[in-house]
Structures are given as C-alpha cells and as structure tokens.
Amino acid sequence: MQPRHSSGRIALLLHRAVQITMLKTQVNGDRLWQSLMDLARIGATDKGGVRRLALSDLDGEGRALVCRWFREAGLKVTVDRIGNIFAKRDGADPSLPPVVSGSHIDTQPSGGKFDGNYGVMAALEVARTLNETKLRTRAPYEVAIWTNEEGTRFTPVMMGSGVFAGAFELEYALAQQDLDGCSVQDALQRIGYAGDAQVGGRSFGAYYEAHIEQGPVLEDMGHTVGVVTGALGLRWYDLVLTGQDSHAGPTPMRLRKDALLGAARIIEGVNRIALDGQPDARATVGFMQVSSNSLNVVPGTVRMSVDMRHPRDEGLDAMEAALRALADNVATAIGLGAQVTCVTRYAPVRFDAGCVTAVREAARKFGYRHSDIVSGAGHDACYVARVAPTGMIFVPCEGGISHNEIENAKPEDLEAGCNVLLHAVLASAGMAA
Ligand code: GLV
Ligand code: MN
Ligand code: MN
C-alpha cells in the first residue's frame, strides 16, 4: 500500500514541477533575432531587405541553412513532393498527430527580413526552447516551411500549403511556370528540394503561424500581440486587353486601339471599386506587361493582374461583377478586346475557436496588450485551416509597412509573439509528466 501511495505522490509532485517549469518557460529573444538576421543575409539587398524568390538558388541556400539549424536542434527533416519541409521533434505519444508551426522563407522581389521568415524562425525557437528546458510534449511538434507562399515568381500564391490542403492538384502546381518558362518541378529539382514524401494526407493536432501584421492596426493601438480570428477572402484575375500596335506618329488619335489607355482606365476603376466598398474592400493592380513596350508604338496588348480582397464572399462577388462590367465598358469605348480570368481564389477564413482561445490565453498569461484582429494578407495558415485546427499570432511591424525592403519589427515584439506561440503550442501538444 505504502509504495503505491508514495509513487502516486511522486507522480503528482512531478506533474506539478512540470507545470511550474512550463508556466515559467520563455523563448530566447536574442537567439530568435540573431537567426532572423543570419537568414536575412541570404539574398540581402542594398536597402536592408531581402530578395529570395521561391525556388531560386538563393531560396535553396536559405533552405539549406535553416535545415542545418533544424538538424542541429535534433529535428528530423523530411521534404514532400512540392518542396514543403517538415522538421519533427518527437513527443511522448507517437500515436498523436503533431502540433505544427511554421510559415515561408521565400520573399517578394523587394521584400523584407520578417515576412514569413519570422514564422519559421519563431517555430524553430520554440523547438530550441523545448530542448533547452528539457520539456517533453505529449504530441510530436513539427516546424514547417511551406513552398512559394508569395506567389510572385510562380502562381498561385500559397502554393505548398494549398497543395497540402487539397486546394489544388500537385500536378497542376508542379507544371506552373515563371516568366522565363521554368516550371516549379524543374526549379525544385535544380535546388534539390523535389522531395519524395506524399503531400498532405495526414492530420495535424493543431497548426499555429506567427507573422508580422503587415498593416498598421496593432501599432496604432499600441498593442504587442494580435489574436488573429480569420483572414480576408482573395481573388486574383489575369486581365488581357487587346487592341492594335500602330505607329505613334501617323496614327490619328481617332483611329487608335490603345490597350495601355484601356489599362490606365481600368487601374482607376479598380481603385474606385475598392473605395466604394470601404472599409472592407481592397483592390490592387500590381503587375503589367505592355506590348510592344516601345516608345513610338501605340500599345496593342496589355496583360495585367487584379488582386481583390474582402471579408465576405458576397463582397468578393460584387467586386468581381463590378470588375467585369468595368472591363467591358472600357473595352467598348476604346475598341479593345477584354478577357478577364480568375486565376486564384480563396474564401474568407475563420480560424479554429480552440486555437484562437489558446493564443489569447497565452497573450493574457504574459500580460501582453493584445486584441483580436482579421488578417488582410493571405497566409499558409489560410489553407492549412481547411484541414487542421489553426490559429495565428500577429506582432506589429513599423508603420505597418511590408512587402518592402524597409519592413521592420521590434525585437521585443518578435520575442513576445514567440512566447505566445510557445504557450499555444504547449496548450495544444500537452505535457508529458
Ligand atoms: C500574400 O503575401 C498575400 O498576397 O496576401
Ligand atoms: Mn507572409
Ligand atoms: Mn508576403
């Protein structure tokens, strides 16, 4: 009797000791910052930003460095067929699905040091902290790097997480080409990240992604942590205007079929569509190819992108209808052909109530000023949310500026977001006594 009683007491004391250690556990903010700065050297630009396009040689170098850090932290690395990387730390119960955290390390052409990179470095810092404090989670823990989140070299955006979540087919994604005709498949092989693991088809206990806000809300409120409840829906369009190339001198104004003039009117109209839908709607023309693109040729063809976002599907439907009417009207007035194709879409996202609560509770526990927030940007979490309970943590960035080389964030805010991530992960993964 006595031994059983005392072993029960010992188990209880051990459990309490683990709980106390867990309550006190904090990440190492200096190490997190240093890792971000080290990674930012790969593809560093003169203005302090990063240019590391998806599946470029520089992306390959970035992946190699981070995978080295994963292995040094004792994590087991696997790569799937779309190049997503997973780095696993065992839990006490291998039968449980892993709790996963991550983001992306590809950047915009003139991107910053923090977009995506923070989410991966924060997830790695969680693993390093668990190692250092010898905390053993019940469920395994994995760090994820998703392929081509930015969608700037290859569309669609959030490619690796999209295939993982079944939003589009693997073969479709592998066949996508950049402007030079290089396919995703070839680019993956070239940098050595065409893995052999199946994409998706397994469950996560939970997925958390830490990210800079990329907007001004938290900074304006003086809050350190955003508890992300969901994200705007998005639609991307490819718009082609077809007129006629002709000589800039002899062609009278009345006979021109100037596709670039049409594009100018469409840019103005797209902006108007968003302004008419305030405060919710966002619309942007960010890409354009002009043909012949010669100073003394009336432009005969323009290909342009339109990016539209809204928190509700009906809002996106109304914006799409307005865009199609705009393109028709502009084309008729100038004598152009207009083709509008929707190339990417995802519905507004609502994150899992349990994960959102875990993030909020962790922020509360640390006493960080926090508020609920809806993401204006797309994130890998938006696709993962289709197949796993998902939550996100935002931290402020300077002036709300992102997708820009001057993107900046405070080390103490990044550390706070990472502490919240650690405790949300612990809440979902559970502790082994
Ligand atoms: C991802 O970067 C997006 O376009 O929201
Ligand atoms: Mn991002
Ligand atoms: Mn981005």
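The values are calculated or read from the model by the stated rules, or taken from the named source; none is laboratory data. Nothing here was measured: the structure is a model prediction, and the numbers come from that model. A quick note on method: Cβ atoms are made from the backbone with ideal geometry, for glycine too, and the neighbour counts reach across all protein chains shown. Ligands, DNA and RNA are stripped out before the accessible areas are found, and what is left, the full protein with its side chains, is counted by its heavy atoms. Shrake-Rupley method; radii C 1.70, N 1.55, O 1.52, S 1.80 Å.
For the chain, the solvent-accessible area of protein heavy atoms averages 44 Å² per residue (probe radius 1.4 Å; ligands and nucleic acids excluded). Secondary structure note: in the chain, about 70% of the DSSP beta bridges are antiparallel. Shape class for segment 348-433: oblate, because the ratio a/c of the largest to smallest gyration tensor axis (alpha-carbon atoms, square roots of eigenvalues) is 1.5 or more and b/c is at least a/b.
The charge dipole of the chain, taken about its Cα centre with unit charges on the Cβ of Lys, Arg, Asp and Glu (plus for the first two, minus for the last two), comes to roughly 1200 debye. Shape of the chain from the C-alpha gyration tensor: prolate (a/c of 1.5 or more and a/b above b/c, with a ≥ b ≥ c the square roots of its eigenvalues). Of the residues Val157, His247, Ala64, the one whose Cα sits farthest toward the positive end of the charge dipole of the chain, with +1 on the Cβ of Lys and Arg and -1 on the Cβ of Asp and Glu, is Ala64.
What number of lysine-lysine pairs in the chain show an alpha-carbon separation below 29 angstrom, given a sequence spacing of 8 or more or placement on distinct chains? Eligible lysine pairs with Cα atoms under 29 Å apart amount to 19.
Dipole orientation for the chain: of the candidates Ala259, Pro140, Leu14, Leu14 has the Cα lying most toward the positive pole (charges on Cβ; Lys, Arg +1; Asp, Glu -1). Between Leu130, Asn117, Ala167, the Cα set farthest toward the positive side of the dipole of segment 86-210 (charges on each charged residue's Cβ, about the Cα centre) is that of Leu130. In terms of the Cα gyration tensor, with a ≥ b ≥ c the square roots of its eigenvalues, is segment 12-95 rounded because a/c is under 1.5, prolate because a/b exceeds b/c, or oblate? Oblate is the answer for segment 12-95, as a/c is 1.5 or above yet b/c matches or exceeds a/b. Scanning the chain for chymotrypsin sites (Phe, Trp or Tyr not before Pro) lying in DSSP loops with no more than 16 further Cβ atoms inside 10 Å, the longest uninterrupted stretch between such sites is 1-167. The apolar share of the surface of the chain, taken as the fraction of accessible area on carbon and sulfur atoms (1.4 Å probe, ligands and nucleic acids excluded), comes to 50 percent. Taken about its Cα centre, segment 106-149 carries a charge dipole of about 340 debye when Lys and Arg each add +1 at the Cβ and Asp and Glu each add -1 at the Cβ.
For segment 279-385, trypsin sites (Lys or Arg not before Pro) are listed when DSSP marks them as loop and at most 16 other Cβ atoms sit within 10 Å of their Cβ; the list is Arg312, Arg369.
On C-alpha positions alone, give me the angle between the axis of helix 259-275 and the longest principal axis of the chain, in degrees, nearest 10. Taking the Cα atoms of the chain, the angle to 259-275 is about 50 degrees. Any chance you could give the angle, 0 to 90 degrees and rounded to 10, that helix 117-133 forms with the longest Cα principal axis of the chain? On a 0 to 90 degree scale, this one is about 10. On the principal axes of its alpha-carbon atoms, segment 62-170 has extents of 41, 30, 18 Å, going from largest to smallest.
When the Gaussian network model of the chain links Cα atoms closer than 10 Å, the mean-square fluctuations of Asp413, Asp115, Asp313 top out at Asp313.
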